[in-house]
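For reference, the structure discussed in these notes is given below.
The values are calculated or read from the model by the stated rules, or taken from the named source; none is laboratory data. Only a predicted model underlies this, so the values are computations on that prediction, with no experimental measurement involved. Heads up, the Cβs are rebuilt from the backbone with ideal geometry, glycines too, and the neighbour counts pull from every protein chain shown.
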């Protein structure tokens with residue numbers, strides 16, 4: 001590759017952008033500031049521009065060493081891409097304490113001492129992890145072949161390094177010490193073939209949404225296999241995708257765009273840009289809460305169904321009585337984890353964190369009876385009291401659990417009195433088949449051996465709990481309340497028993513809702529809305 005070519009057209013210099021740096025746009029927002037960081041003359045920087053939080057420019061005049069970002073108090077350097085290969089190497093502490101996520105340095109031949117030391121810990125910044133490092137020409141890391149803490153503090157976590165094969169045996173026949181340290185828990189690919197994959201020739205749009213587009217293409221030929229595809233929106237890198245049919249999200253409604261793809265093979269060789277597709281995003285009027293959930297959960301294939309669900313809950317005055325709802329729509333963990341009421345990827349927004357070996361499909365979240373559950377991070381006592389509480393679960397299976405001590409949804413203290421907020425279904429013919437508890441009032445349905453359907457238990461008074469199934473009020477039970485409402489988060493797929501998972505479910509869970517106590521009429525309305533939702537998805541089994 002080498003230095004940038006300078007072309008002259010009708011007496012004007014025609015430079016090409018060759019440097020892309022992420023995250024520093026708000027503070028390194030002039031060529032002079034960038035030149036100071038890199039230790040180069042400012043007149044070497046051309047075509048400088050800030051794009052959101054990132055910058056791009058053309059650096060002319062040959063090779064240069066990356067330095068100056070160490071101990072940085074500027075905005076994080078999230079990525080550094082040098083596609084034409086004019087970075088000669090990484091200087092001492094070049095990215096120390098910066099939080100770099102991706103580095104692409106095809107012609108760099110050395111990485112100096114402590115270049116990535118403490119990369120995990122940028123002062124006062126989120127703790128990023130280096131995910132991609134492309135260094136196929138590097139023959140020296142640090143001053144020796146042993147581990148000198150060039151990389152430290154968990155630089156990579158399930159990431160990938162593309163390295164020079166020389167480093168595989170440079171340490172007395174073994175892997176270079178710093179690279180061996182970096183490789184722990186990550187993948188190292190030794191690049192011995194620089195043949196580029198072919199270019200995608202038939203890129204098209206399968207579906208266009210308000211804020212996204214689904215792409216279709218035939219994977220091109222590649223001697224070394226294909227790893228992923230880089231997506232460029234309006235000429236700017238946007239994200240990676242793995243397959244034809246993937247969706248590009250985060251676009252703006254009713255806006256013109258063009259998209260190209262670059263094919264990246266298993267040695268990180270890149271094709272030339274594909275042909276461009278031009279399109280305008282949709283302009284459909286969606287409920288704002290439905291649209292927020294669609295964008296966060298990437299459920300673009302179910303726009304109308306999700307919108308109808310949210311609108312129906314609002315029209316029937318149920319939306320504001322729900323604290324958290326998990327419709328398990330889509331087929332992946334990302335699709336399933338978001339709270340319909342507040343689709344942010346944080347504990348405080350009550351998005352789910354899945355544990356164990358459960359599986360995700362368009363039919364819902366299939367638990368496994370041994371270790372699968374999801375933490376909602378919503379504490380029982382945050383919203384629920386002895387006189388106002390409600391839980392709803394939709395179950396698509398009628399599996400008999402391996403143990404009668406199985407639970408599908410809930411939390412309880414682990415000592416007497418047993419304040420419980422829980423649902424457990426189908427214990428088998430010899431035991432209570434369906435048990436529902438709110439506070440210390442519980443009811444059992446020993447005559448019903450069928451978990452399939454929509455189940456709600458609700459309390460609107462201090463002395464009575466009611467149960468409904470599939471839109472029909474079933475029964476209620478009275479009792480006296482004692483104790484304290486648990487300060488524990490609800491678990492889905494088991495019971496949170498004093499802070500630990502207990503009694504794993506093996507049912508397929510299709511929808512769960514944590515809500516206020518509802519009247520029997522409100523429960524009937526809620527069930528009718530859910531029934532229509534599940535029927536529209538084609539996964540209703542009751």
| query | Just to be sure, is residue 178 within 24 Å of residue 81 (Cβ to Cβ) and outside the structural domain of residue 101 (by TED's automatic domain parsing)? | reply | no
| Restricting attention to the stretch 34-85, which residues are out of contact with any helix residue (DSSP H, G or I) (no Cβ under 9 Å at 6 or more places or on another chain) and free of Cβ contacts under 8 Å to residues at least 12 places away in the same chain? | 49
| Which of the residues spanning the stretch 464-485 are loosely packed, with under 14 Cβ neighbours inside 10 Å and over 23 Å from residue 539 (Cα atoms)? | 475, 478, 480, 482, 484
| query | Quick one: is residue 167 buried (at least 19 other Cβ atoms within 10 Å of the Cβ) and more than 30 Å from the chain's Cα centre (by Cα)? | reply | yes
| remark: Among residues of the stretch 495-525 being under 23 Å from residue 388 (Cβ atoms) and touching a helix residue (DSSP H, G or I) at 6+ places or on another chain (Cβ under 8 Å), the residue surrounded by the fewest Cβ atoms within 10 Å (Cβ to Cβ) is 516
| For residue 316, which of the numbered conditions (1) surrounded by 21 or more Cβ atoms within 10 Å (Cβ to Cβ); (2) touching a residue at least 40 places away in the same chain (Cβ under 8 Å); (3) in contact with a helix residue (DSSP H, G or I) (Cβ under 9 Å, 6 or more places away or on another chain) fails to hold? | (1)
| said: Which numbered condition in (1) without any contact (Cβ under 8 Å) to a residue 24 or more places away in the chain; (2) touching a helix residue (DSSP H, G or I) at 6+ places or on another chain (Cβ under 9 Å) is the only one that residue 390 fails? | reply: (1)
| query | Out of 441, 492, which single residue is surrounded by 15 or more Cβ atoms within 10 Å (Cβ to Cβ), modelled with pLDDT of 95 or more and out of contact with any helix residue (DSSP H, G or I) (no Cβ under 7 Å at 6 or more places or on another chain)? | reply | 492
| field | The listed residue being out of contact with any strand residue (DSSP E or B) (no Cβ under 9 Å at 6 or more places or on another chain), closer than 27 Å to residue 189 by Cα and in a loop (DSSP other than H, G, I, E, B), out of 211, 218 | value | 218
| note | Note on the stretch 353-373: residues outside any loop (DSSP other than H, G, I, E, B) and more than 16 Å from residue 297 (Cα to Cα) are 355, 359, 366, 373
